[in-house]
Amino acid sequence: MSDDNILDLWSEKIQMKHSDHVFAYTQSGADYARLQGVPGDQVTAVMNTVDLGSLRAEIEAVTDVDLQMFQEKYQLTASKAIAYIGGIDRSKRIDLLAEIMDEVWDRRPEVKFIIAGSGDQVHLLRPGIERGQVAFLGRIDDRGKALLSRSSSVLVNPGRVGLIAAEALTMGLHVVTTRWKYHAPEIAYLEPGIDVTYSNDSAAIFADALLEAYSRTGQQSASVPPELGDMIQNFRSGILRMLERRASKAQRVAKSE
């Protein structure tokens, strides 16, 4: 993580203006390139994503028996939990997550967290694990994500939100996060107030927002995440347009000689 500075921004603008084509992760990135003077036909929003097919299939395959066994294994109650999926490190602001969990414990000790991931800050979650507030899964695959999503009502991530945005939409989980400047471009896939709730950096205020979202179990969003096939097609189309322009330019140069 690093802050933008004048030199970085200047270098970025120069690179965009002298590039044959600009590929942006999302539509907002493509709009930014156009604002910097890059012609619209030289910009492609690839709509960055991952293969969501396996996750979708695993969610559909979960049975009531599967769910019961999972919840018994991790001592989960019938009430759905608050989920976290991702790295357990500084970029995800695990220190703030631990403070938020303390706030929730003081107000609603019956509310469980399911935390999946690994990293060098697991120790910050130990108090929650030891008091039985947290079911800690470690790293999980799509099968684990499917079971987690069926046992949860909301997804919390006070730190960097990236491709988890596409997975959250697939799992049908509302995201609660902060207005952090280090979010990845993919957070744009989440519609504020519908797919995502933004809070500030106060653990107490964040806990308020999290518990409010938690209480809205069952609320469904119509938002659809980008698909991998579409991303590949977008990238392919951008490359073809770039090559066509270069070929046309070469022909014009040849005719003028």
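Quick check: anything in the stretch 128-144 within 15 Å of Leu55 (Cβ to Cβ), touching a residue at least 60 places away in the same chain (Cβ under 8 Å) and among the aliphatic types (A, V, I, L, M)?
no
Does Ala184 satisfy the condition of being touching a residue at least 40 places away in the same chain (Cβ under 8 Å), among the small types (Gly, Ala, Ser) and buried (at least 20 other Cβ atoms within 10 Å of the Cβ)?
Details: touching a residue at least 40 places away in the same chain (Cβ under 8 Å): yes; among the small types (Gly, Ala, Ser): yes; buried (at least 20 other Cβ atoms within 10 Å of the Cβ): no.
So Ala184 fails the test.
Here are some conditions: (1) under 21 Å from Ala168 (Cβ atoms); (2) at pLDDT below 90. Thr77 meets all but one. Which one does it not meet?
(1)
Take the stretch 186-239 and flag every residue that is in contact with a strand residue (DSSP E or B) (Cβ under 8 Å, 6 or more places away or on another chain) and among the aromatic types (Phe, Trp, Tyr).
Within the stretch 186-239, Tyr198, Phe206, Tyr214, Phe235 meet the criteria.
Which one of these does Ile88 not meet: (1) within 15 Å of the chain's Cα centre (by Cα); (2) buried (at least 18 other Cβ atoms within 10 Å of the Cβ); (3) not in a loop (DSSP other than H, G, I, E, B)?
(3)
With of a type outside the set (D, E, K, R), touching a helix residue (DSSP H, G or I) at 6+ places or on another chain (Cβ under 9 Å) and within 28 Å of Ile114 (Cβ to Cβ) as the only criterion, which of Gly87, Gly37 stands out? So that I can check it myself, show each step before the final result.
Details: Gly37 fails: within 28 Å of Ile114 (Cβ to Cβ).
Sole residue among the options that is of a type outside the set (D, E, K, R), touching a helix residue (DSSP H, G or I) at 6+ places or on another chain (Cβ under 9 Å) and within 28 Å of Ile114 (Cβ to Cβ): Gly87.
The values are calculated or read from the model by the stated rules, or taken from the named source; none is laboratory data. Predicted, not measured: the structure shown is a model, and the values here were computed from it. No Cβ is skipped: glycine too gets one built from the backbone with ideal geometry, and neighbour counts run over all protein chains shown.
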